[in-house]
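The values are calculated or read from the model by the stated rules, or taken from the named source; none is laboratory data. In this text the structure is predicted, and so the values were computed from the model without any measurement. Every residue, glycine among them, receives a Cβ derived from its backbone with ideal geometry; neighbour counts consider all protein chains shown.
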Amino acid sequence: MRSTAYHADVIIIGAGIAGLSAAHLLIRAGLGVSVLEAEPRAGGRLATDEVDGFRLDRLGPLLSGSWPELTGSPGLGSLELREFAPGVLVHSEGRRHLTGDIRSARGALKAARTRSSAPWPHRAPRTPGTSRASRTALSPRAPWASRASEAPGGYGAPGAHGSVRSANGWEPCAPARGGGRGGAVTGAIDRARLGAALSRLAATEEARLLARPERTVADALPGVGLPARTVEGVLRPLLTALLSDPALTTSSRCADLALRDYARGGLCVPAGGSAALPRLLAASLPPGTVRTGVHVTAVGTTSVRTKEHGELGCRSLLLATGAGAAAELLPGLRVPAFHPVTVLHHTAPAPPPTGRSLVLDGDRSGPVAHTAVMSEVDPSRAPEGRTLITSTVLGPPPPDLDRSARAHLAALYGVPTDRWELLAARHDPEAVPAMEAPHDPRRPVRVLAGLYVCGDHRGTSTVQGALHSGRRAAKALLADLALPGAREGSPRLPEAA
Ligand SMILES: Cc1cc2nc3c(=O)[nH]c(=O)nc-3n(C[C@H](O)[C@H](O)[C@H](O)COP(=O)(O)OP(=O)(O)OC[C@H]3O[C@@H](n4cnc5c(N)ncnc54)[C@H](O)[C@@H]3O)c2cc1C
């Protein structure tokens, strides 16, 4: 690259998924695009490290299979997703409670009915060493909710036991500490009610959700019309995980959107690690589009200054960095607060008995908010016969992170963890932009004609939000250039701040 040269029609700063998705649309419209990335690799926050044959995500992303950008973005056509088991496994009062498939009332009732007509304890067909058997056992059609939920008094009834699937089949869990407190987690009817509520949410248009009154999730939860035990036992830990927000200060509208996406598509991860997403996006761009190791230090509307190559000219400029870096380059852009996230990866001598389920901490009794046996969800992340457990700590991590996480994980999984080995732990203090109320999930992306901004801080703080912001920014740019690709008759776009 030559200094002060006209470099490209559009320079995009940042090769995260927002910048890469915008690049696709702009190139399709016939523009010459150059994506400048400061790091030696593309992908931004979506990074996967290879350690001893394990593929370790720097983040433990929970994606929704319903996100349109995941399947609809150009370049992501061959993205493979690995699904978690339907429903979630909530650990509360010393037990793990299988919620069954709570995503619809029909699913929840079907799970309950199947279970009540079957003998107990339910024995999953046992085929040692075959992952297919464990998948069958945890499918939504399998009798996988606990008998305790049907006992008089529900989950928290004194002496009631939950059940978990062990390597040998189904086993009762330890009884609730202190005999239970009237049901921290729901019974079959509660689950069906929650399923019905989620079904309704799944069918609700985004515009209607965004027209609802906006509060913090914490303020809105008591009024959702579900029993307190369902709210505290399932919704609170589930939303904490989906929003990376332990205090639930997120906008209730964004929580509605997150729950709706969960209800529509369940949870999944990219096969082989989250870096697969930017890798696919970058690989399907024309060669030479992405320039790594180029750090932009200043921007104008028709040029950027770089540390390595001097000044580069362009027609339009798109800032696709994180919120902090965007505000450094364009002072005046708002920087949100962030949710810090720490991700830990352990390997264990044997997989804990939770199959492909996401395990949530319902009691907030330790640092781990959610955890999963990732080698069961996506076997390609661990060498053959090895186990990978990925756990997420939200908020500032404790000083004795591994020790306290391990103690908590022993309780969450009901297995000793002293022989587990820590493979990696990574803390990101600016992992997820906070979406505090009032939050506009479609923040303007056009600063002025020729200068645009995108990234997860411009939409919802998710992979879907980042991809969609890239699409919106590309359309705004094309509209200003009067090129096809922007929607016909687009109104003048509001200005970004
Ligand atoms: C620990 C953690 C957990 C998460 N959990 C989830 C989850 O469960 N679900 C979910 O959907 N999302 C999750 N996220 C958020 C998700 O990763 C982000 O929303 C998404 O990756 C943001 O993509 P982006 O393109 O907007 O920004 P980024 O990925 O941050 O990309 C910005 C790029 O700009 C580059 N850049 C910055 N400054 C410059 C400069 N001056 N010059 C050149 N290049 C520059 C950066 O190096 C970077 O590559 C999580 C994130 C983290 C860190």
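Points to keep in mind about this one:
- Every residue from segment 209-219 that is within 15 Å of T249 (Cα to Cα), under 22 Å from the mean Cα position of the chain (by Cα) and in a helix (DSSP H, G or I): V217, A218
- Figure legend. Inter-residue proximity from segment 307-334: first residues within 22 Å of P438 (Cα to Cα), second residues of a type in the set (A, V, I, L, M, F, W, C) and assigned to a helix (DSSP H, G or I), beta-carbon distance below 9 Å, spacing 6+ or different chains. Indicated pairs: L333/A323; L333/A326; L333/A327; R334/A323; R334/A327.
- Boolean, V234 is assigned to a strand (DSSP E or B), surrounded by 17 or more Cβ atoms within 10 Å (Cβ to Cβ), touching a Leu at 6+ places or on another chain (Cβ under 7 Å) and in contact (Cβ under 8 Å) with a residue 12 or more places away in the chain: no
- Residue among R403, R419, R386, R426 that is charged (D, E, K, R), surrounded by 15 or more Cβ atoms within 10 Å (Cβ to Cβ) and either more than 13 Å from the ligand (Cβ to nearest atom) or more than 24 Å from the chain's Cα centre (by Cα) (or both): R386
- Out of T114, T71, T136, one residue alone is within 16 Å of the ligand (Cβ to nearest atom), out of contact with any helix residue (DSSP H, G or I) (no Cβ under 6 Å at 6 or more places or on another chain) and modelled with pLDDT under 90. It is T71.
- Residue satisfying all of: in segment 429-482; outside any loop (DSSP other than H, G, I, E, B) and polar (S, T, N, Q); surrounded by the most Cβ atoms within 10 Å (Cβ to Cβ) among these: S469
- For segment 306-322, a residue qualifies if it is more than 10 Å from the ligand (Cβ to nearest atom) and either within 34 Å of the chain's Cα centre (by Cα) or not in a loop (DSSP other than H, G, I, E, B) (or both), and the qualifying residues are G310, E311, L312, G313, C314, R315, S316, L317, L318.
- Set G485, G414, G455: member being within 11 Å of the ligand (Cβ to nearest atom) and either out of contact with any strand residue (DSSP E or B) (no Cβ under 7 Å at 6 or more places or on another chain) or at pLDDT below 95 (or both): G455
- Segment 323-332, residues that are surrounded by fewer than 23 Cβ atoms within 10 Å (Cβ to Cβ) and either within 13 Å of the ligand (Cβ to nearest atom) or of a type in the set (K, R) (or both): A323, G324, A325, A327, E328, L329, L330
- Within segment 254-278, tally of residues that are basic (K, R) and within 13 Å of the ligand (Cβ to nearest atom): 0
- Which listed residue is modelled with pLDDT under 95, in a helix (DSSP H, G or I) and within 19 Å of S357 (Cβ to Cβ), from A263, A241: A263
- Looking across segment 280-302, the residues that are in a strand (DSSP E or B) and either of a type in the set (A, V, I, L, M) or surrounded by fewer than 19 Cβ atoms within 10 Å (Cβ to Cβ) (or both) come down to V290, T292, V296, T297, A298, V299.
- Taken together, T342, T347 contain a single residue that is more than 15 Å from the ligand (Cβ to nearest atom) and in contact (Cβ under 8 Å) with a residue 12 or more places away in the chain, which is T347.
- Residue check, L62 under 17 Å from G470 (Cα atoms), within 16 Å of the ligand (Cβ to nearest atom) and not acidic (D, E): no
- Counted residues, segment 46-57 - those being buried (at least 21 other Cβ atoms within 10 Å of the Cβ) and assigned to a loop (DSSP other than H, G, I, E, B): 1
- Here R82 meets each of (1) surrounded by 21 or more Cβ atoms within 10 Å (Cβ to Cβ); (2) more than 8 Å from the ligand (Cβ to nearest atom); (3) among the charged types (D, E, K, R) with one exception, condition (1).
- Meets criteria (touching an Asp or Glu at 6+ places or on another chain (Cβ under 7 Å), of a type in the set (V, I, T) and either touching a residue at least 12 places away in the same chain (Cβ under 8 Å) or farther than 22 Å from T342 by Cα (or both)) for T240: no
- From the list T347, T342, T354, the lone residue that is part of a strand (DSSP E or B), among the β-branched types (V, I, T) and surrounded by 23 or more Cβ atoms within 10 Å (Cβ to Cβ) is T342.
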